[in-house]
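Visitor: Mind having a look at this structure? Questions to follow.
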């Protein structure tokens, strides 16, 4: 019963007030909550969200860097969604290292399209 109270009570009360209401940690130890499968599920879901958020941030950083390097190599080149279509920050990072070896903008766009197709 106290587990249900804690789960639903968290919608209204802060965690310290909630623990006071149920008699501190003696009535229901926090460790017991941490061992529950539901708590583990919530932790794993949070970790997954964190990993996905970091992947998106890394993709944005690499895409910005790639655009900067591509514009330096081919002034005025406009690269839009084709960069994000690659979808893999590691692939974009490797392409950043290769941008100086790409002979022309068409080859650059072709490489981006190939990497995007691989990501799908």
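Every number in this text was worked out from the coordinates using simple rules, so none of it is lab data. None of the values given here were measured: they were computed from a predicted structure. Virtual Cβ from ideal backbone geometry, glycine too; neighbours counted across all protein chains shown.
Visitor: Cα centroids of segment 31-61 and segment 96-120: how far apart, whole angstrom?
Guide: 33 Å
Visitor: Right, another one. Fewest to most neighbouring Cβ within 10 Å: what's the order for 112, 43?
Guide: 43, 112
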